[in-house]
Structure formats: C-alpha cells, structure tokens
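Engineer: I am attaching a structure below and will ask some questions about it afterwards.
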Amino acid sequence: MLLAVVLSTLTTTSFLIAQGSTQLVASAVLDSPPSEDDSPRARGPRRAVTTSARDLTAMGRAILERNIFDSQTGSISWDPPPPPPPETAEEEEIAPVVDGDPNTAPPCEGSIRLVASYYRPNEPDQSFAAITNATGTSLLYAVGMRVDEREVVAIGRSRVVLRPSGQPLCSLSMFAEQPVAAAPRAQPAEPVVVATPEAATPGTPGIETSELDSNIQQISETSYAINRTLVDRLLANQAELMRTARVIPHEVDGRVVGVKIYGIRRSSLLGRLGVQNGDMLRTINGFDLTEPDSVLEAYTRLRSADRLTLSIERRGQPVTMDYQIR
C-alpha cells in the first residue's frame, strides 16, 4: 500500500542521508585543507599558542601544591587520572529463538548486506533494519518479513539474524568486511525476450487482481477500507511493490514541502486506493514526511496502525484521504 511505498523509500533514504552527512561532516572537519579565508592575512594577527599538554599539567600541579586559597591545609597532591582503556568491540547479545542461538549464527552467504538498523530493545517488534538485497535494492525489514528467501528472525543494534529456507540461521553484521567478488567470465550474449504490451501486467506484482478487489472496499471518493491480511502481504512484498510508483521529494524555494507520486495506473494498488498521478503527499497521520526523524518514527508506528489519514495536495487543492485497516 501507499504506506509501504512511501515510507520504505523515504526511510531508507533518510538512513543513507544520515550516514552520508556524518561522513561528510567528519571529512570536512578532520581532513579538509586550509581554505583561502583561513590564511594568516584573512584571519588577521593572532597570538601563537605554544603551551603543550605537559606544560598545562605542570602548571596545574604547581597551583595545587601552593594551594593559595587554603594556606592551612597546605599542599594538595594530585596525579592525573590514568588514560581510559582502549575501546573494544563488544559482541552484541541477541535473545535465543526457537531453532537456534542467534549469537552463534555464521555470516550469511551472498551479496546481501546490512546497511543500518533502528533498534528498540524494549519494543523489539518496533525495530527494523535497512538491508540491501541481491539486486542492490535497499529496503526496510521488520521481524517476520522475508528478504531473498530468508526470514528476519531478530534485529539488534548492529546485527540482523536471518533464517534461510530449510537451512540453519545466519547473520548480517553492519561492520563485517564485504568479500571482493571475482570478475565474472565473459559469457556469450543470450537473446533478450521483450514482453509485448498484452503480456505485461499493469497491476500490482505478486498479487492477483481478484485479491485486490476482495480486500479493498471504497466507501467514498476519499475513504477506503482495507483488510489487514492484504496490508501484511504488501509490507512483506516491498521490493515488488516499490516498482509500481515513483516517489520524488518536491521543493519550493529550495525547501522540501512534500513528496510527489508518479507512475500510478488505475489498475494498480495505489490507483485502486484513490491516489492519482502527481499527488503531493505532505503528512501521514500527522507525521511530516520532509523530516528524516519524523519519517523514521512514522515507519515504526504506522506499520501496525488501524487507520491512516493522508494529507495530499492535488492540482493545488488540499485533499484528505482516509483508510480504515480492519
């Protein structure tokens, strides 16, 4: 549904933006060379600071020994505190599951990798992880969802445990070294079969038209009722669902004011839910979709919501769409 398409896209983007911004800021602060404005002429005269940490320690020790503020007590001895022990990466503990211990699960095979995780230790059902699948697509997954024929069974701060079909548990680590794949051998080109317009399926991939018809009820022009079973299927099928529409941030005067939705067909899921090409979505249940933190919270809270209220701008006019999930 629209929640999965919009929030999964925006939340994954928010993760990547946050990670990229952190790296850019660190690079700018730590590694950037002096700019022209940082030259001595641009800064003006400045006193050179030559006091070292050793000099400061000696000065502090002398002040304490003289103790000019309490002559009766006399000298106060002081030794600098020992340096903190070097930080070591502690192994993250994840609660056991029915068919194995997640903490001993070996790394998963293949190109699948963990990009980021949103971990809530007191509310594990509200945790989710951004995982890049074998096709290179990054999507959000919660416990119980499947990625490349593997079920997500546990999510931690920096690890995710998966259960491949008919195989033991395996794990993804955010800080694991990625294997370098060998260059593939050249293969003879195979003929490409191009689907004819009649063979194309304009609806929602992986879901029959009859299933959409039986699980979506239109109450009014802007109000719909959706069965929970369909919502669960859609959230578990995000990779296919995200191909049915494009979500693009919309800017006004350099500021993002909403997200526009394109590529919607009337026979598709979003078309059946009353969403039209070019609709600009501003909020879902009051969550502002232009703020990364708000998008993260929205994805966490709205996956189990019983009602969704969308604030949309359609051809310059405000429209409120209401969806009851039963």
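The values are calculated or read from the model by the stated rules, or taken from the named source; none is laboratory data. What you see is a predicted model; the values in this text were computed from it and never measured. Ideal geometry is used to build each Cβ from the backbone, glycine not excepted, and the neighbour counts take in all protein chains shown.
Engineer: Select from the stretch 282-311 the residues that are closer than 23 Å to I226 by Cα, polar (S, T, N, Q) and part of a helix (DSSP H, G or I) and list them in ascending order.
Structural biologist: Taking the stretch 282-311 and keeping what is closer than 23 Å to I226 by Cα, we get 282-287, 289, 295, 297-311.
Now restrict to residues that are polar (S, T, N, Q): 283, 285, 300, 304, 309, 311.
Result: T300, single match.
Engineer: Right, another one. Taking the criterion of being more than 19 Å from the chain's Cα centre (by Cα) and under 30 Å from E123 (Cβ atoms), would at least one residue in the stretch 294-301 satisfy it?
Structural biologist: Looking only at the stretch 294-301, we keep the residues that are more than 19 Å from the chain's Cα centre (by Cα), and these are none.
Checked the stretch 294-301: no residue is more than 19 Å from the chain's Cα centre (by Cα) and under 30 Å from E123 (Cβ atoms).
Engineer: A follow-up question, please. Mind counting the residues in the stretch 286-297 that are within 13 Å of I312 (Cβ to Cβ) and at pLDDT 85 or above?
Structural biologist: First, the residues of the stretch 286-297 that are within 13 Å of I312 (Cβ to Cβ): 289.
From the residues that got through so far, the ones that are at pLDDT 85 or above too are none.
Count: 0.
The rows are residues; the columns are (1) modelled with pLDDT of 80 or more; (2) in contact with a strand residue (DSSP E or B) (Cβ under 7 Å, 6 or more places away or on another chain); (3) under 25 Å from V231 (Cα atoms); (4) in the same structural domain as R301 (by TED's automatic domain parsing).
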residue	(1), (2), (3), (4)
C108	yes, yes, no, no
R120	no, no, yes, no
Y141	yes, yes, yes, no
M145	yes, yes, yes, no
E190	no, no, no, no
V193	no, no, no, no
T196	no, no, no, no
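Engineer: Under 9 Å between Cβ atoms, which residue pairs at least 6 apart in sequence (or on different chains) link something in the stretch 257-273 that is in a loop (DSSP other than H, G, I, E, B) with a partner that is of a type in the set (F, W, Y)?
Structural biologist: L273/Y224; L273/Y323
Engineer: Output the residue which, of all residues in the stretch 210-228 that are part of a helix (DSSP H, G or I) and surrounded by 14 or more Cβ atoms within 10 Å (Cβ to Cβ), is modelled with the highest pLDDT. Give the steps one after another, and end with the answer.
Structural biologist: Quick first cut of the stretch 210-228, residues part of a helix (DSSP H, G or I) only: 210-215, 228.
Narrowing further to those that are surrounded by 14 or more Cβ atoms within 10 Å (Cβ to Cβ): 211-212, 215.
Values: E211: 84, L212: 84, N215: 89.
The qualifying residue modelled with the highest pLDDT is N215.
Engineer: In addition: Residue check, V153 against (1) on the phi < 0 side of the Ramachandran plot; (2) surrounded by fewer than 19 Cβ atoms within 10 Å (Cβ to Cβ); (3) not small (G, A, S), all met but one. Which one?
Structural biologist: (2)
Engineer: In the set E291, E313, which member is acidic (D, E) and within 21 Å of S117 (Cα to Cα)?
Structural biologist: E291
Engineer: Conditions: (1) modelled with pLDDT of 85 or more; (2) within 13 Å of L273 (Cβ to Cβ). V231 meets all but one. Number of the miss?
Structural biologist: Among (1) modelled with pLDDT of 85 or more; (2) within 13 Å of L273 (Cβ to Cβ), V231 violates only (1).
Engineer: Could you go through the stretch 283-297 and let me know if any residue there is out of contact with any strand residue (DSSP E or B) (no Cβ under 9 Å at 6 or more places or on another chain) and among the aromatic types (F, W, Y).
Structural biologist: The answer is yes; a qualifying residue exists.
Engineer: Okay, next question. Taking the stretch 252-298 only, how many residues are surrounded by 19 or more Cβ atoms within 10 Å (Cβ to Cβ), more than 18 Å from D213 (Cα to Cα) and not hydrophobic (A, V, I, L, M, F, W, C)?
Structural biologist: Result for the stretch 252-298: 2.
Engineer: Next up: Is it the case that some residue within the stretch 258-278 is at pLDDT 85 or above, hydroxyl-bearing (S, T, Y) and in contact with a Leu (Cβ under 9 Å, 6 or more places away or on another chain)?
Structural biologist: No; the residues of the stretch 258-278 include none that is at pLDDT 85 or above, hydroxyl-bearing (S, T, Y) and in contact with a Leu (Cβ under 9 Å, 6 or more places away or on another chain).
Engineer: Which numbered condition trips up T309, out of (1) surrounded by 15 or more Cβ atoms within 10 Å (Cβ to Cβ); (2) β-branched (V, I, T); (3) closer than 30 Å to R120 by Cα?
Structural biologist: Result: T309 fails condition (1) only.
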